[in-house]
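First up is the structure itself, then whatever we jot down about it.
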Amino acid sequence: MEAFVIFFSALWDKEGFDLKRLRRVLDEMNEYADSIRDGYVTIQDLHAAAQILTFALIAILIRRF
C-alpha cells in the first residue's frame, strides 16, 4: 500500500497529474491486475514488455545524438 501512496504522490506532486489523470492510471492498473488474475497475462509478461520498451527508447535516444 505504501508503494501506491508514493507512486501517486509523485505523479501528483512532481508530474502535475490531476485527479482525472490519476483515476485513469488507477483504472489501468486495475485492468492489468484483472488480466493477471484472469490468466490473460503474467507479471513476467509485463516485465518483459517494459524491458523491450525501455531498450527501444534508449535506441531512439542514442540515434538522436
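Just a few scattered comments:
- The base-10 log of I(q)/I(0) for the chain, evaluated at q = 0.20, 0.25, 0.27, 0.29 Å⁻¹, reads -0.99, -1.03, -1.04, -1.06 [Debye formula, identical scatterers on Cα atoms, solvent excluded].
- Leading residue at positive end of dipole, the chain (Cβ point charges), from THR54, TYR32, LEU22: THR54
- Size of charge dipole - the chain - debye, nearest 20, with Cβ of Lys, Arg +1 and Asp, Glu -1, no other charges: 380
- Full-stretch length increase - LEU22, SER35 - with 0.36 nm per residue and alpha-carbon distance subtracted: 2.7 nm
- Whole-percent carbon and sulfur share, accessible surface of the chain, 1.4 Å: 64
- Solvent-accessible surface of the chain, taken per residue with a 1.4 Å probe and all protein chains present: 91 Å².
- Between ARG63 and PHE8, the distance separating the two model label sites (each 7 Å from Cα on the Cα→Cβ line) works out to 3.8 nm.
- Backbone geometry of region 12-24 corresponds, through the Karplus equation with coefficients 6.51, -1.76 and 1.60 at θ = phi - 60°, to 3J(HN,Hα) couplings of 5, 6, 9, 10, x, 5, 8, 4, 5, 5, 4, 5, 5 Hz, x marking Gly and Pro.
The values are calculated or read from the model by the stated rules, or taken from the named source; none is laboratory data. These numbers were taken from a predicted model, which means no experiment stands behind them. So basically every Cβ, Gly included, is an ideal-geometry build from the backbone, and we count neighbours across all protein chains shown. With ligands, DNA and RNA removed, areas are computed over all heavy atoms of the protein, side chains included. Shrake-Rupley method; radii C 1.70, N 1.55, O 1.52, S 1.80 Å.
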